[in-house]
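To start, the structure under review is shown below, and the notes come after it.
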Amino acid sequence: MSADSFTVVGKPVVRQDGREKVTGAARFADDLRFPGMLSAVMVRIPAAHALIRSVDYSAINNDPALAAICDASDVPAAKTVGIVRKDQPVFCDKKVVTPGDVIAMLLGESEEELLRLRDQVRIEYELLPVLTDYCNALAPNEPLIHPEFGSNLIVHYPLRKGNVEQGFAESDHLLEQTYTTQRVEHAYIEPECVIAIPREGRKEIQIIGSIQNPFTARRIVADVLGWPLTHVRIQQAELGGSFGGKDDIMCLLSARASIAALKTGRPVKIRYRREESILESYKRHPYTMHYKAGFMQTGKLKAMKIDIIADGGAYASMSPFTTWRTVVQATGPYEIEHVWTDVRAVYSNNPYTGAMRGFGSPQPIFAQESLMDEIAVQLGMTPDEIRRINGFRAGSITASGQELAQHDVNLVTVLDTAVGQTAFAERWQENEQHIKPTWTPSCSLDNKDFIEPDQLLQKGIGLATSFRGCSLGAEGTDAAAAYLSLRPDGSASLLCGLAENGQGLRTTYCIIAAEILGIPVDSIEYLDFDTAYIADSGPTVASRSTLMGGGAVKNAAEIVRTQLEGTLRKRWNLATDRSFVFSSGLVALVDDPAKYISFLDLCALAHSTGVNLSAIGWYRGPRVHWDESVGQGPAYFTYVYGCQVAEVTVNIGTGEVHLDHITAVHDPGTIINLLGAQGQVYGGVTQGAGYALWEEITAPNGKIKELNFDEYLIPTSLDLGTITPLFVSGKETYGPWGAKSLGEPTLELTAAAIANAVRNAVGKRFFNLPLNLEEILLQRKLRPEDPNANQ
Amino acid sequence: MTVNFVLNGKAVSLVIAANRRLIDMLRDSLGLTGTKEGCGIGECGACTVLMNGEAVNSCLILAGQVEGAEIVTIEAIAKHGTLHPVQENFLQYGAVQCGFCTPGMVLSTYALLQTNPQPSEHEIAAAISGNLCRCTGYKQILEAVQKTVEEMNSAPSEHGRS
Amino acid sequence: MIPQIEFVRPKTLHDALSILAESGDGARVIAGGTDVIPGFQQGDLRLKSARTLVDIHHLPELKNVETRDGGLAIGAGITFTDLAKHPIIAAEYPLLKQAALTVGNVQIRNRATLAGNFVNNAACADSVPPLLVYNAVLRIQSHTSVRETPLSDFLLSPNQVQLNAGELVTNIFLPKLSASHSGEFYKLGRRRGTAISRITLAVLLKVTENRIEDLRIASGAVTPIGMRFIDLEKVALGKTIDKSFLKSLANELGEHVLSKTGIRWSTPYKLPVLQQMFFQLLCRVRGCSGEAIR
């Protein structure tokens, strides 16, 4: 099927769940209540690293407001959980390693009463030395966070290609820089909530929650209970935002709620307030990145050596996967002969870090795209020139030795589109040549350089490019299932094993099935997600739902369509080479369009003749592999490419950056829902802008300061100018009609583009995110807890 | 204590503890769960309702302060199954993703249009600046409201005036 | 969570003052609730001993705006929304309107009250610098007394004000101002929507034949409490206003601020930015600025 022959694919389609959401009827987990339901309150200690000496419940044990207490002694099977490394206790009984850790959970009918009781639990503990400087985590005298692993190293990924020292020797120029990025919070507007309901003589547990990945939660709960997977049934409530954030934490809360529900025989709801959500949930990894590049006078990159350390915080969580994506993509979308990369994730007593939209890519993109601009400036080139010289093309070999093939390698196309759209090169040069007022903010009181009022606001433009491996890659098994059932009246039910995260995958899937069957999107009912009814399709992560789940839905719809075609061939006595077109509720012969039947009649016919009109579709990604010792191999089976141009106005008197305009050009393959695709760009760019300018979770002594939205500042409606999404749809072998990924690509490069634009505006380069007021003016962060803050 | 007020056009009398907030009355006592709690300190706007015609954070209002007031929640914005033009345009222009901020967004824009039927682009953005959204980047929300303004001004319906 | 507490809602100001007189230490006033409720949720120590909340938000006596003695008497309980909408405030006291529109966001401004903004004496209270340059005088009432105090005397030290048990700020009086005064309010926050102030400034200036006849300067957020700079204002009197003088004034403002704050963690940023933006603000008031600030 060619792109212009689509009926609904690529059109703006209204969300299947929209009406419930605009009327307040949509049910999120905290909107649900069940008879006899208990509330839960967590018991913690205000310490980042401490040995638990004793826990004394005697003051509350007989209180009528207390229904039960759950702690480590109540965990039936696995006491610790983790998606890769099982290092996180469901309840801590020996020590805590970060202030979010939970020692016990109190259950009762009144949350208010439980909060009163919580103050009466007496916990004796001994403080241990706290490790917060993650760059030092591997030093010999630092405390070990999990001594059982013998080291604070969570994972180390080397990548070796060519001979980097030889590459440097052959280079005309060398450039070395260090970049850092901050810890940030997902800031989904709905805080965590889960309900566990014991079923059938406590042999089955039903869990309903704001759960990003129901199959992961099922596995963790089954491990903790020591039950077969089939006795754990996870249903997803409407999910109020996730962005990678409602994974581990929701698995853990599901496990705690299940333990409590089974202990009490009653439904148990855990819902977090914002402060508790930010306190305990995981964050995006802070990175410290050392880059050394060797390049020729022509602009050609010759060699790159990269050393990255990622703060995993208190638990391993997704660190082994996030940092793996980093090692694959750390050199950016540039062909470089000699590469030597080391990426390490380490433990500390900081809040733990895991999956967040972007997943190990926004950090290196900030570094490598800053570096590319600096090389351009040094060589007297424009930023687009240096990228055109080095950017991937069809047949390019990546840092891991993979040849880019079987898809349109559209890096230069997205770059040229963005550059053309914004008159980038001319404007960038004009700003570069503009002489910036010199003003050095200092505490000395006299002879201040005052800025002439008409020089206060400076304009800048900057760009960044990126490539991104689609789906899980060599991280793990990559397959998905979808169930489609046609009803005798031509309507259909659909369910895929990937869970809606609010981004709109249900609508995307309905569009795909509707396109194949030639029926209206709204004649397809998308079923409620329940692990009991659909096969494990892996997590909704890695921008894989359109690609993988979409592939499965398309497969299911094609199976059913084939059944219908068979029915019709039989009825019309047709040879097998006659083919059909399914469109506008009609099924007609391709070579004789006058011969047709309504879709409805065909369904009724098939039903009456006993034809199976239900199917389970399946889509498996092609094989990929990775040699861990040298970091070589085809890491992902396909890639997407993006270029964003940021236009900013910087107030050089205050350091305020205003985003005037962002042009986001992406190649996500074939677009399924235009409205949804544009929404992904707007949302991703806005999150990326928050990462660039405002957002930061600081944790002096391991304790988070920004526990609510008064201090953790995400962008509001007044903080961004216009955003222009532009799509370049390249050809792609995989995915439904070649549709691939967009969710994360939109976010990962925004901060880099903004940083480059700010550099263009003020003539200074910045190495540390976020570019907040102090960073822009002083090129450093100011914090009350800094050792020499109060000289 | 007893609190008497008008909720979505109907008189309500509730016996409730003094430390409960308007949002608790709506969600826990009256089962109107369309109003969401995102932060509890008036920073996110997910709990926005109308109080005497003005958008307010229902997490910052004590039950007793509601005495005698008129409250309108998201449940009463669509009339007899027909969506308000703002709601309809939220759908048409892709202003909804996860939907958790949506009720508050709808109420903030509804309140704006009640008092200012021809808001500028900036006025619309300012009216929802107390409503945090993490999914949409606000762009499609702003577009939906702008389209609503255009539609309402070209073909005035009774809906917006109710 | 909000603790179990008694809630009273007096029908009149008179009743409210009686209740405050009777309830002693455990009584706290609540108006818009935009400070009190987050205070409870975040464990504000000042609310620790609260037993009774006295709601004054609905009292009509606290909502009036009326002209008096050529000036304007504003009810202490006026919301920022109503304040910003008021035609006399917009015309005569525009800095106060500007400041009102920077408070929180629509939902907050629909509830938060003028007096509620400054009775805690938080340095970041946006209404304080404009009120200070307008020489605001507070009417403070108790069950048995009425007194008037300039806002500048009322604000003592961080979180401390000159308010006795049982007293309530009921009215804010802004004296008449000559039409030849011009001024600006400036607020710097970390973002544009719903921002807590990092720096606020209010400036009122009256110039006759290029000489400064009256200059009033007040700051917030950058100083421990909102304050006027009377000594600096005196220095400026009679001086010829030109850019070099404005620069020297901005430098001197820095000295005055530093003497109030000492060097703090935020000083390396806030001090130079205050000086820079004060200079920009004065240029703007004088109309010698090319572009608007923000």
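The values are calculated or read from the model by the stated rules, or taken from the named source; none is laboratory data. Everything numeric in this text was worked out from a predicted model, so none of it was measured. We place every Cβ from the backbone using ideal geometry, glycine too, and count neighbours over all the protein chains shown. What goes into the accessible areas is simple: the full protein's heavy atoms, side chains included, and nothing from ligands, DNA or RNA. Shrake-Rupley method; radii C 1.70, N 1.55, O 1.52, S 1.80 Å.
Here are some notes:
- Shape category assigned to chain A from the gyration tensor of Cα positions, a/c cut at 1.5: oblate
- Placing unit charges on the Cβ atoms of the charged side chains and taking the dipole of chain A about its Cα centre, the candidate lying farthest along the positive direction among A:ALA677, A:VAL611, A:LEU773 is A:VAL611.
- Cα-based reach from A:LYS436 at 19 Å (exclusive), listing lysines while leaving out same-chain residues under 8 positions away: A:LYS448, A:LYS459, A:LYS764
- Summed buried accessible surface, chains A and B, 1.4 Å probe, nearest 100 Å²: 3900 Å²
- Spatial separation of Cα centroids for the stretch A:13-67 and the stretch B:57-129, in angstrom: 28 Å
- Heavy-atom accessible area ranking, 1.4 Å probe, most first, across A:MET381, B:MET25, B:MET1: B:MET1, A:MET381, B:MET25
- Based on protein heavy atoms only, the stretch B:2-75 ends up with 27 Å² per residue of surface accessible to a 1.4 Å probe.
- Solvent-accessible area lost in complex, 30 Å² minimum, residues of the stretch C:90-118 relative to chain alone, 1.4 Å: C:ASN105, C:VAL106, C:GLN107, C:ILE108, C:ASN110, C:ARG111
- Mean Cβ count within 10 Å, highest first, over the residues of peptides A:94-106, A:152-164: A:94-106, A:152-164
- Loop sites here are GluC sites (Glu not before Pro) outside DSSP states H, G, I, E and B with no more than 12 other Cβ atoms within 10 Å. The longest part of chain A free of them is A:201-784.
- Our helix-only sum for chain C, with -39,500 (n - 2.57) per DSSP H run of n ≥ 4 divided by its residues, gives a mean residue ellipticity at 222 nm of -9500 deg cm²/dmol.
- Counting Cβ atoms of other protein chains within 10 Å of each Cβ in A:719-728 and taking the mean gives 2.
- Estimated from helical segments only, the mean residue ellipticity of chain A at 222 nm is -8000 deg cm²/dmol, where each DSSP H run of four or more residues counts as -39500 (n - 2.57).
- Karplus-derived HN-Hα couplings along the stretch A:24-35 (A = 6.51, B = -1.76, C = 1.60, θ = phi - 60°), whole Hz, x at Gly and Pro: x, 7, 4, 9, 8, 4, 6, 7, 9, 9, 10, x
- Across the stretch A:87-103, computed HN-Hα scalar couplings (Karplus, 6.51 cos²θ - 1.76 cosθ + 1.60, θ = phi - 60°) run 10, 10, x, 5, 10, 7, 10, 9, 7, 10, 10, 6, x, x, 4, 10, 9 Hz from first to last residue, x flagging Gly and Pro.
- Here chain A is assigned +1 on the Cβ of each Lys and Arg and -1 on the Cβ of each Asp and Glu. Its dipole about the Cα centre then comes out at about 1820 debye.
- Cα-based shape type of chain C, given that a ≥ b ≥ c are square roots of the gyration tensor eigenvalues and the cut on a/c is 1.5: prolate
- Annotation for A:GLU785 and A:GLN177: the two label points, set 7 Å from Cα along the Cα-Cβ direction, are 2.8 nm apart.
- Dipole moment magnitude, nearest 20 debye, the stretch B:2-75 about Cα centre, only Lys, Arg, Asp, Glu C-beta charged: 120 debye
- Solvent-accessible area per residue in chain A equals 33 Å², computed with a 1.4 angstrom probe and all protein chains kept.
- Sequence-distant lysines (8 or more away, or on other chains) whose Cα lies within less than 25 Å of A:LYS302: A:LYS161, A:LYS292
- Two-site label geometry, A:ALA394 and C:GLN4: point separation in nm, points 7 Å out along Cα→Cβ: 7.6 nm
- For the stretch A:526-559, the list of chymotrypsin sites (Phe, Trp or Tyr not before Pro) that fall in a loop by DSSP and count at most 10 other C-beta atoms within 10 angstrom is empty.
- Accessible solvent surface per residue of the stretch C:74-118, calculated while the other protein chains remain in place, 1.4 angstrom probe, Å²: 27 Å²
- Model label sites at C:LEU156 and A:LEU144, defined 7 Å from Cα along the beta-carbon direction, differ in position by 5.6 nm.
- Seen from a random direction on average, the alpha-carbon convex hull of the stretch B:14-108 projects onto 6.4 square nanometres.
- Taken residue by residue and averaged, Cβ atoms of other chains lying within 10 Å of the Cβ of B:52-60 number 6.
- Peptides ranked, highest mean first, by Cβ atoms within 10 Å: ranges C:120-128, A:133-141: C:120-128, A:133-141
- Minimum 50 Å² accessible area buried by the other protein chains, the stretch A:701-717 residues, probe 1.4 Å, relative to alone: A:PHE709, A:ASP710, A:LEU713, A:ILE714, A:THR716, A:SER717
- Charge dipole of chain C about the Cα centre (unit charges at C-beta), most positive-ward option of C:LEU201, C:LEU114, C:PRO3: C:LEU201
- Here is the interface size for A with C: some 3900 Å² of accessible area buried, both sides summed, with a 1.4 Å probe.
- Residues whose amide H falls under 5 Å from that of C:VAL161, counting only those 5 or more places apart or on a different chain, are C:LEU156, with hydrogens built in the peptide plane.
- Residue mean of other protein chain beta carbons inside 10 Å, C:217-230: 0
- Sulfur and carbon atoms: percent of accessible area, the protein assembly as shown [1.4 Å]: 50 percent
- Dipole magnitude for the stretch A:274-388: computed about the Cα centre from +1 point charges on Lys and Arg Cβ and -1 point charges on Asp and Glu Cβ, it is near 180 debye.
- Sorted peptide list for A:584-590, A:84-90, criterion being average Cβ within 10 angstrom, highest first: A:84-90, A:584-590
- Cα gyration tensor shape of the stretch A:296-451, rounded if a/c is under 1.5, else prolate or oblate by comparing a/b with b/c: oblate
- Interface burial for C against B (accessible surface, 1.4 Å probe, total of both chains, Å², rounded to 100): 2200 Å²
- Ranking C:VAL161, C:PRO129, C:GLY26 by how far each Cα lies toward the positive end of the dipole of chain C (charges on Cβ) leaves C:PRO129 at the top.
- Karplus (6.51, -1.76, 1.60) ³J(HN,Hα), θ = phi - 60°, over the stretch C:214-219, in Hz, Gly and Pro reported as x: 8, 9, 10, 10, 9, 10
- The figure for A:THR477 is an accessible area of roughly 120 square angstrom, using a 1.4 Å probe on the protein chains alone.
- Sites A:SER598 and A:THR562 - FRET efficiency at Förster radius 22 Å, r taken between beta-carbons, to 0.05: 0.70
- Burial of 30 Å² or greater, the stretch A:9-56 residues [accessible area, probe 1.4 Å, versus chain by itself]: A:VAL14, A:ARG15, A:ARG19, A:LYS21, A:VAL22, A:THR23, A:GLY24, A:PHE28, A:ASP31, A:ARG33
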